[in-house]
Every structure is written in structure tokens, then in C-alpha cells.
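Only one structure is covered here, and it is reproduced in the block below.
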Amino acid sequence: LTEGNAEVNKPANDGCTPLFIAAQEGEREVVKLLLTEGNAEVDKAMNDGCTPLYIAAQNGKTEAVKALLRGGADANIACQGWTPLMIAKHRGHQAIVALLEQ
């Protein structure tokens with residue numbers, strides 16, 4: 001990452017990026033590293049429109065949500081009509097709801 005050889009924003013066929021996977025799995029330190037050292041695009045969405053913040057909120061990954069928000073993620077980007085706040089409420093992830101309502 002620090003030498004600039006990694007293509008951190010290069011998506012798979014479905015649009016998935018390394019940042020998306022790190023967020024989905026709740027890997028807070030990897031999320032932070034990709035954002036700070038790799039200059040990953042924080043709001044780069046998959047082909048279906050889902051962003052790393054959305055998937056972290058959906059999966060209840062509070063620490064990843066915190067890291068993404070600190071990295072400048074836009075909490076208003078919707079995936080198939082659902083914002084990260086809406087999906088967090090729907091899934092009962094109260095700590096994430098509190099973060100997103102700030």
C-alpha cells in the first residue's frame with residue numbers, strides 16, 4: 001500500500017473492492033489502512049449500489065462503521081432504496097443507529 005503498487009479501488013466483476021470486503025467483515029484496522037495508506041475510495045459502490053458503509057451497517061460491524069465515517073463516508077447513499085441508517089434500524093443494530101443519527 002505504501003509503495004503505491006496495490007490497486008485498492010479495482011473492483012471485481014460485481015463491483016466489490018477490498019474496502020467493501022473489509023467493511024463487510026468488520027475489519028476495522030484494514031478499513032483504516034485502506035483509507036489512510038491506500039487512498040481507497042470510501043464511497044465506491046458495488047454494481048448494485050451498495051457502499052462499504054451500507055454493508056458494515058447491515059452486518060452490525062460497529063467499529064468498521066466508525067472507521068468509515070471517520071474516513072468521510074457519506075451516510076446518505078442508498079442501496080436499492082435503503083440508506084445505512086434504515087438498514088441498521090431494520091436489523092436492530094442500535095449502536096450503529098446512534099452513530100448514523102449523529
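Couple of notes before you dig in:
- Rounded to the nearest 20 debye, the dipole size of the chain about its Cα centre is 340 debye, using +1 on the Cβ of Lys and Arg and -1 on the Cβ of Asp and Glu.
- In nm, spacing of pseudo-spin labels at residue 77 and residue 14 (7 Å Cα→C-beta vector): 1.7 nm
- Packing rank of 74-80, 27-33, 93-99, where each peptide gets the mean count of other beta carbons within 10 Å, highest leading: 27-33, 93-99, 74-80
- Over the residues of the chain, the helix contribution to mean residue ellipticity at 222 nm works out to -12500 deg cm²/dmol, using -39500 (n - 2.57) for each DSSP H run of at least 4.
- Pairwise label distance in nanometres, residue 41 with residue 1, each label 7 Å out on the Cα-Cβ vector: 1.9 nm
- For the stretch 81-96, putting each phi into the Karplus relation 6.51 cos²θ - 1.76 cosθ + 1.60 with θ = phi - 60° gives couplings of x, 10, 7, x, 4, 4, 6, 5, 4, 4, 8, x, 8, 4, 5, 6 Hz, in residue order, rounded to whole numbers and with x for Gly and Pro.
- Sulfur and carbon atoms: percent of accessible area, the chain [1.4 Å]: 45 percent
- Fraction of the pair-distance distribution of the chain above 23 Å, Cα-Cα pairs, percent: 18 percent
- For the chain: accessible area per residue (Å², 1.4 Å): 54 Å²
- Gaussian network model of the chain, Cα within-10 Å springs - most flexible of 84, 52, 18: 18
- Among the cysteines of the chain, those whose beta-carbon sits 4.7 Å or more from every other cysteine beta-carbon are 16.
- Global form of the stretch 32-71, assessed from the alpha-carbon gyration tensor, a/c cut-off 1.5: oblate
The values are calculated or read from the model by the stated rules, or taken from the named source; none is laboratory data. Bear in mind that the values here come from a model prediction, so they are computed numbers and not experimental data. Please note: Cβ atoms are built from the backbone with ideal geometry, for glycine as well, and neighbour counts cover all protein chains shown. The area values use the complete protein model at the heavy-atom level, side chains included, leaving out ligands, DNA and RNA. Shrake-Rupley method; radii C 1.70, N 1.55, O 1.52, S 1.80 Å.
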